[in-house]
Amino acid sequence: MDDLIADFVAECREMLEALGGEIVAWEAAPDDRARLDSIFRFVHTVKGNCGFFEFPRLEGLSHAAEDALADVRAGRRQADGPLVSAVLGIIDRIGEMVAAIEAGEDMPAGDDSALIGALAPGAEAAAGPAVAAAAEGQKASAAPRTIRLSVELLDRVMSTVSDMVLARNELARRLRETQTDVSVDGAFERLSAIIAEMRDAITRTRMQRIENLFVGLPRMVRDLSADLGKQVLVDIEGGDVELDREMIEMIRDPLTHIIRNAVDHGIETPAERLKTGKREIGLLCVSARQSGNQILIDIQDDGRGIDGRKLVEKAIAGGVVDKSDAAQMSAREQLALIFEAGLSTAKQVTAISGRGVGMDVVRSNVERIGGIVEVDSRPGEGTRMTLRVPLTLTIIPALTVSIGNQHFAIPRSAIEEIVRANGESVTLEHVGGAGIATIRGRRVPEVSLATVLGLESLINEKDRTLVVLRPAGGDVYALSVDRIHDHEELVVKPAAPAVMNTGLYAGTTLADDGSPILLFDAAGLAEVGGVKLEVQERASRVAQGPSAAASTATEVLLFRGLDGSRRALRLAVVDRIEEVPASAVKAAAGQLRVQLGEAILPLAGLRGEQVGDATVRLFRLSDGVHELAYAFAEVIAFAAIEHDVIHADCEGEVSGVALINGEPAELIDVHWLFAHHVGASVRSTQQLVCRLPMDDPWMQNMLRPIVEAAGYLVIGREDEGEADLVIAAQGAEAASETAKRTIWLRTEPESASKKDGSIYRYDRAGLLMALKSAGSGRGK
Amino acid sequence: MNELLLVVTIAGERVALPAALVESVVELDTLIPVPRAAPHVAGLSALRSRVMTVIDCMRSLELGSSACSDGIREAAVVELDGHHYALIVDLVEDVVEAASEPAPVRAAMGSGWERASQGMVETEAGPLLLIDPAALIAGAEAKAA
């Protein structure tokens, strides 16, 4: 019996959570049958179950709500504000009771008759607040079948898988050291593949759609704005982004708090809004998106914004900052003051927020999971808060670098680009002992890793490599390292407190050779390296203008093709990188093509290699008008061509070879790619029209493909429209309408008279020439 | 049943570690330094695909530093708050039974010993100073903070 009750409680809780958003959406659109149905289903389920369990009060409440909703469903009643509020009241009461049952306590005291009475048509109830919710994607869909597992068990599985990856790496090293036969290698490869797949699966097990976090927001905003007499429209985007389940729980409170603040302090009352020329309904946008290995959650309102100067005054009054310090604060630093304990710009303390506890707690909560909160605001225009949360704490793509003999790892998400210190687009200067690197006209502070770490560098300063880093939320700086090694997916574990205290590291990991590697924290490095980010920001902008034109180096994207060769592509032509299932690649109309959403693009980069894998990664190239896909295996790095290019002798996909990052790489000739794959098949925007006799089988079957390949739209004699060209057999009656040009075809190689201008029908060259000249004549 | 103690030598002195806290005794070969970490953090080492933080006990006790460069070092592995630490010692001798509860040492000791010791215990191998591994891991700076 207890088990059954526990299941009932769990079911109710899940439905309640999902329902919060539904009800508000239903209020905005009372005709929405799907939402009505899902609410009806909830009360119906509760009613059915509590009859069985003998919870008479629950039964009474759900029964009353069910009756009222059934009337609406049958069209006997209209859903209006009072009804929605009454149903909400009942659902809240049900929630309280369910919580009490779960805790094993007595039912909360209170009389339900008032709630039930409010359901009656025409009952005097507090008018529902005017809230519109534009929550997208909240379809009333049946939930997939699920089971419950403890997080602890999942964690154990996950850490075992992490250990397994490390053990695999160690085994790989041992195998490399000893002579093994091919069958062992083959078996090991299979094992590796399985482990990789398992790691992927277990990572996804821990992931949850952020929708679960967002689903309650419309309801919360509705209640809040009703209390405050405001009107707020909630817009939610990106609910399908996935996040570690634990993270979702950890950011629930900070997110709630930020939204409360936005509704309470940010968005003005309707009267105030009208006065300042805004729409009376405030807009609150909550969106989530993935960027590298971070999830960015934006909470943006169009309210009154935050006044940085007021914050500074408060901070001085509260003794948080010195007057002298305050005078030097940048705008961003001023706004960042809201995260200091004990500061609030609210004029009065309300029940909802404004007690000055909160934003500091928000920040510490977010930082505890390795995240960052940023604030950006314009007085009068609104505020944007951004939560940056690490996607997962355990597996991080990273770049390994070295100083002397020691290896370190840098999270790939923080890396902007990699340049050589002696490259032609880079100059290194020292100003008062501090390093400044000028990269393509942009001045960035240079931090020598060897100096920061107090290690001996084996390489002359000029020969080092600069890794340009942009820490999450910070400004760029260049880190000089001795050598760049490899991109790897590293299983990162937290390091001991004694190591973390340095502020430089984000964790530890094991390299393939079994030795420990420290993973840097890009922001920590900047801080220990003494980089002043705010000051730099402005200085770099000044330097940018005049010198930008001086840069001559070509930026390229270095990648490995599907055939394993190192290739490079000019960065500017790469629109974006896409990943598609192998099934989207098909040979059609004489060449490989790939389907990307609605578009079908020609596909290059494959030369008969099998597309066996589940997915294919593609560069999407664009020349501004046409697009082309180029398949590749992996991106190696961003680089610049600093050495001479040795041009290829023959025309083709590869225009030449150049040394990039010390190794030769083939340069892709993008012009050739477009000319080869797109040029012929493209129809010009104003298509040429050619009229062919429809009843002539030779013309239709043999000639038509040639004409179409030349870019003509073929129409028949009876079709309407003006033709640019008419092709007819010699001797046939002359076309009734005048065309700009007519080609006469004869069946005999020798023409009867020199002057008739006809073409022998198998004179392919002559035909193509005639087609071409007819087409070019059009432009004149 | 009395508490078992692991008898080790640190800086030439025989001391005892609670054996229940020691997971294993290992020989460290490779040591990856951690730049800018506290001086008593000798570096990182890997044990069965686990990363251990290696603590130089002599430094931690402000008794100079162990020579880490000469290859293999013996170390006792302990776990604290989910992290594994390897405590470098001169020598691991034996496991003995404690014959008494730890008693305060009334004679003046070096400040490092003072901080790390939990008292003196009687054993069949004579009186030994009982050392708290957590204090070794915290190092000399923990007190100042």
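Here are a few things to note about the model shown:
- Remark on segment B:79-122: accessible area falls by at least 20 square angstrom from chain-alone to full-complex state for B:H83, B:Y85, probe 1.4 angstrom.
- Rounded to the nearest 20 debye, dipole of segment A:403-544 from Cβ charges on Lys, Arg, Asp, Glu: 440 debye
- Note on exposure: A:L725, A:L562 ranked by accessible area (1.4 Å probe, complete protein assembly) read A:L562, A:L725, with the most exposed listed first.
- Comparing the full protein assembly with the isolated chain, the residues of segment B:25-61 losing at least 50 square angstrom of accessible surface (1.4 Å probe) are B:I32, B:P35, B:R36, B:L44, B:S49, B:V51.
- Each listed q (0.16, 0.25 Å⁻¹) maps to a log10 I(q)/I(0) for segment A:244-326, found by the Debye formula over equal Cα scatterers with no solvent: -0.85, -1.08.
- Using a simple spin-label model with pseudo-atoms 7 Å out from Cα toward Cβ, A:R73 and A:T276 lie 4.5 nm apart.
- In plain terms, if you count all Cα to Cα distances in chain B and split them into 10 Å steps from zero, the share in each step is 12, 44, 34, 10, 0 percent.
- Taking one quarter of the surface of the C-alpha convex hull of segment A:211-390 gives a mean projected area of 10.2 nm².
- In this simple spin-label approximation, A:A317 and A:H626 carry label points 7 Å from Cα along the Cα→Cβ vector, and these lie 6.7 nm apart.
- Note on exposure: B:E124, A:E748, A:E242 ranked by accessible area (1.4 Å probe, complete protein assembly) read B:E124, A:E748, A:E242, with the most exposed listed first.
- Residue-averaged 222 nm ellipticity for chain B, from DSSP H runs of 4+ at -39500 (n - 2.57), nearest 500: -2500 deg cm²/dmol
- Using R0 = 22 Å, the C-beta based FRET efficiency linking A:A187 and A:E489 works out to 0.50.
- A:L571-A:T160 FRET efficiency (beta carbon distance; Förster radius 30 Å; 0.05 resolution): 0.15
- For segment A:554-679, the solvent-accessible area of protein heavy atoms averages 51 Å² per residue (probe radius 1.4 Å; ligands and nucleic acids excluded).
- Heavy-atom accessible area ranking, 1.4 Å probe, most first, across A:K230, A:K47: A:K47, A:K230
- Cα-based convex hull volume of segment B:74-145 per residue, rounded to whole Å³: 121 Å³
- Highest mobility in the GNM of chain B, judged by mean-square fluctuation with C-alpha springs under 10 Å and restricted to B:G119, B:G110, B:G82, is found for B:G82.
- One Cα centroid belongs to segment A:456-498, the other to segment A:219-272; the line between them spans 38 Å.
- Of A:K278/A:K314; A:K314/A:K493; A:K275/A:K323; A:K230/A:K314; A:K462/A:K493, those spanning more than 30 Å from alpha-carbon to alpha-carbon: A:K314/A:K493; A:K275/A:K323; A:K462/A:K493
- Solvent-accessible area per residue in segment A:403-544 equals 41 Å², computed with a 1.4 angstrom probe and all protein chains kept.
- Total accessible area lost when B and A pair, probe 1.4 Å, Å² to nearest 100: 1700 Å²
- Spatial separation of Cα centroids for segment B:31-54 and segment A:371-437, in angstrom: 25 Å
- Each label point was placed 7 Å from the Cα along the Cα-to-Cβ direction; for A:W672 and A:I194 their separation is 4.4 nm.
The values are calculated or read from the model by the stated rules, or taken from the named source; none is laboratory data. None of the values given here were measured: they were computed from a predicted structure. Cβ atoms come from the backbone with ideal geometry, glycine included; neighbour counts cover every protein chain shown. We work out accessible area using only protein heavy atoms, side chains counted, and drop any ligands, DNA or RNA first. Shrake-Rupley method; radii C 1.70, N 1.55, O 1.52, S 1.80 Å.
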